[in-house]
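What follows is a set of notes on a single structure, which appears directly below.
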Amino acid sequence: MNRVYIKTYGCQMNERDSEAVGAMLRGRGYSLVDNEHDADVVLLNTCSVRDQAEQKAIGKTGYLAKRKKTEPDFVLGIMGCMAQNRGTELVDKLPDLDLLVGTQKFHAIPDHLDNIIQTQKGLGPQPTTIVDLEEEEGSQNTIREHLSDDRQISAFVSIMQGCNMNCAFCIVPKTRGSERCRPIEEIVDEVEELAAKGTKEVTLLGQIVNSYGRREIPIRNKKSPFVQLLEKVQEVKGIERIRFTSPHPRGFKQDLVEAYRDLSKLCEYVHLPAQSGSNRMLKLMNRPYSRERYLEIVDGLRNAVPDMYFSTDIIVGFPGETDEEFEDTCSLFEEVAYDMAFIFKYSIRTGTPAASMGDQIPQEVKEARNHRLLDLLAKSSLARNESLIGTTQEVLIEGKAKRGELFQGKTRGYRNCLLPASDRLVGEIVQMKVNRATQSSLYGDLILSGIEEADTATLSNSH
Ligand code: 5AD
């Protein structure tokens, strides 16, 4: 049997796509393995959002291609965003590639692999690289299979593909195509199937989730299609927590703010990319909102849900960013007091408007700005975690922690928790009393109900 290893770079959307490809391959009789050494087929699901991500995948492909010298039947493929972005130029650079598949053709991978393997057995035409990068209408509806019957405590659900925004820095509209949404009923069916297999938490995924269905689905009772979708997912029995990523500040309207207040399963955590705290930068980035509007959304959410947690994406060193403009981002950081943030050094993406802007910022300035924000984040994130010491938090237990005897889980605010528990509690929501905090984690103890008491008593006896 052919053993496949899929290595994923980049965002949750990519992880979700890899899961779907994995499920399709299992359905064809391939087995999935969790490392490249045990695999006869390696597929790299790639990311193009920054140059570093592309370089990593290219480096890995070059390294893996050497295996073909000693193992002629070894199969190597690149799929996803970098395949779409760089196209056949990759085949020129990496002639040993067997397969190059774009973001709208994931579902064709099992057929392509079957063909490659037949060819190797001498049953097909001479081997060349198979290249499949076309756009395909309806491809958003092909990303639905989940990994076999394994239970996923927390699952990603892709609700749409593509992006219609034109952020000056961003390659995604090129790699993912324009916005296409899945029908509400199909998404809800998928969530119901997941719930039936024991999933407790779903994260709805899209490039800009609050644009979901904007053109296809009418507004009802002043509610956008995205909020209508959230309301439907709220009704699915067995699902206890709903998250989504990412919304755009543009179009983050009152109905979505109120959804946080009214939908009990919608966790009080929002990842709201700001990119910059400077209005001039936002304009140059082609981000259609101001710092003031962004802060208004933050205030609106805090008024609706006082316990709200905030996360963001920031780019430092966008072309022309002055020290003062960077200070505006620092002050935004302090004002919002982010619980989490992803801070990126601007990376030139050929073909995007920002690539040809003058006044590119030197690497050392980007590094320094990056560090400054990381320091601010460390402070606000630690302060938030310390403020939770002594409180009781609702924790969804995800499994054993990587190291040691503790179990690991998440609060509704997406704080990482470490606590003593038992296997029986994996996938359950428990109450944890927080007794220690670091910047990245909360440590605590279970608040025991009758049954858990008996269970942990057995647990401690066995140690
Ligand atoms: N350089 C640096 N960061 C980028 N991002 C997108 N494009 C670039 C780029 N060219 C960041 C943005 C986006 C996140 C997913 O990646 O912050 O929100």
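If you go through segment 167-180 one residue at a time, how many are within 12 Å of the ligand (Cβ to nearest atom) and either open to solvent by 10 Å² or more (accessible area, probe 1.4 Å) or in contact with a His (Cβ under 7 Å, 6 or more places away or on another chain) (or both)?
Count: 6.
Consider only pairs whose beta carbons are under 7 Å apart and that are at least six residues apart or on different chains; among these, list those whose first residue lies in segment 431-442 and is exposed (fewer than 14 other Cβ atoms within 10 Å of the Cβ) and whose second residue is outside any loop (DSSP other than H, G, I, E, B) and at pLDDT 95 or above.
N435/Y443; N435/G444; N435/D445; R436/Y443; T438/N385; S440/N416
Counting only residues that are in contact with a helix residue (DSSP H, G or I) (Cβ under 8 Å, 6 or more places away or on another chain) and within 11 Å of the ligand (Cβ to nearest atom), which one in segment 39-53 is nearest to H112 (Cα to Cα)?
Within segment 39-53, the match that is nearest to H112 (Cα to Cα) is C47.
Which members of segment 92-102 meet the condition of being over 24 Å from the mean Cα position of the chain (by Cα) and either surrounded by 23 or more Cβ atoms within 10 Å (Cβ to Cβ) or closer than 21 Å to D40 by Cβ (or both)?
L94, P95, D96, L97, D98, L99
Hey, among the residues in segment 346-359 that are closer than 26 Å to M82 by Cβ, in contact (Cβ under 8 Å) with a residue 40 or more places away in the chain and surrounded by fewer than 18 Cβ atoms within 10 Å (Cβ to Cβ), which one's nearest to the ligand (Cβ to nearest atom)?
I348
If a residue must be open to solvent by less than 30 Å² (accessible area, probe 1.4 Å) and either at positive phi or within 16 Å of the ligand (Cβ to nearest atom) (or both), how many such residues does segment 227-275 contain?
13
Just checking: which of the helices (runs of 4 or more DSSP H) contained wholly in segment 1-87 hold 2 or more residues that are modelled with pLDDT of 95 or more and either in the same structural domain as H107 (by TED's automatic domain parsing) or surrounded by fewer than 23 Cβ atoms within 10 Å (Cβ to Cβ) (or both)?
The qualifying helices (runs of 4 or more DSSP H) are 12-27, 51-65, 81-86.
Any chance segment 286-308 includes a residue that's in the same structural domain as C167 (by TED's automatic domain parsing), touching a strand residue (DSSP E or B) at 6+ places or on another chain (Cβ under 6 Å), open to solvent by less than 10 Å² (accessible area, probe 1.4 Å) and not acidic (D, E)?
Within segment 286-308 (the criterion being in the same structural domain as C167 (by TED's automatic domain parsing), touching a strand residue (DSSP E or B) at 6+ places or on another chain (Cβ under 6 Å), open to solvent by less than 10 Å² (accessible area, probe 1.4 Å) and not acidic (D, E)), the answer is no, since none of the residues qualifies.
Sort through Y289, Y269, Y260 and tell me the only one that's under 20 Å from V336 (Cα atoms) and over 22 Å from the mean Cα position of the chain (by Cα).
Y289
Can you tell me which of (1) part of a strand (DSSP E or B); (2) closer than 30 Å to A195 by Cβ is the one S264 doesn't meet?
(1)
Every residue in segment 206-226 that is within 26 Å of A155 (Cα to Cα) and of a type in the set (A, V, I, L, M, F, W, C), please.
Result: I208, V209, I217, F226.
Can you tell which of I208, I187, I159, I153 is in contact with a His (Cβ under 6 Å, 6 or more places away or on another chain) and at pLDDT 95 or above?
So the residue among I208, I187, I159, I153 that is in contact with a His (Cβ under 6 Å, 6 or more places away or on another chain) and at pLDDT 95 or above is I208.
Could you tell me which of the residues I314, I397, I343 is outside any helix (DSSP H, G or I), in contact with a helix residue (DSSP H, G or I) (Cβ under 8 Å, 6 or more places away or on another chain), open to solvent by 20 Å² or more (accessible area, probe 1.4 Å) and on the phi < 0 side of the Ramachandran plot?
I343
The values are calculated or read from the model by the stated rules, or taken from the named source; none is laboratory data. For clarity, every value in this text was computed on a predicted model and none was experimentally measured. Glycine also receives a Cβ, built like all others from the backbone with ideal geometry; neighbour counts cover every protein chain displayed. Accessible surface is based on the protein model in full, side chains and every heavy atom, while ligands, DNA and RNA are left aside. Shrake-Rupley method; radii C 1.70, N 1.55, O 1.52, S 1.80 Å.
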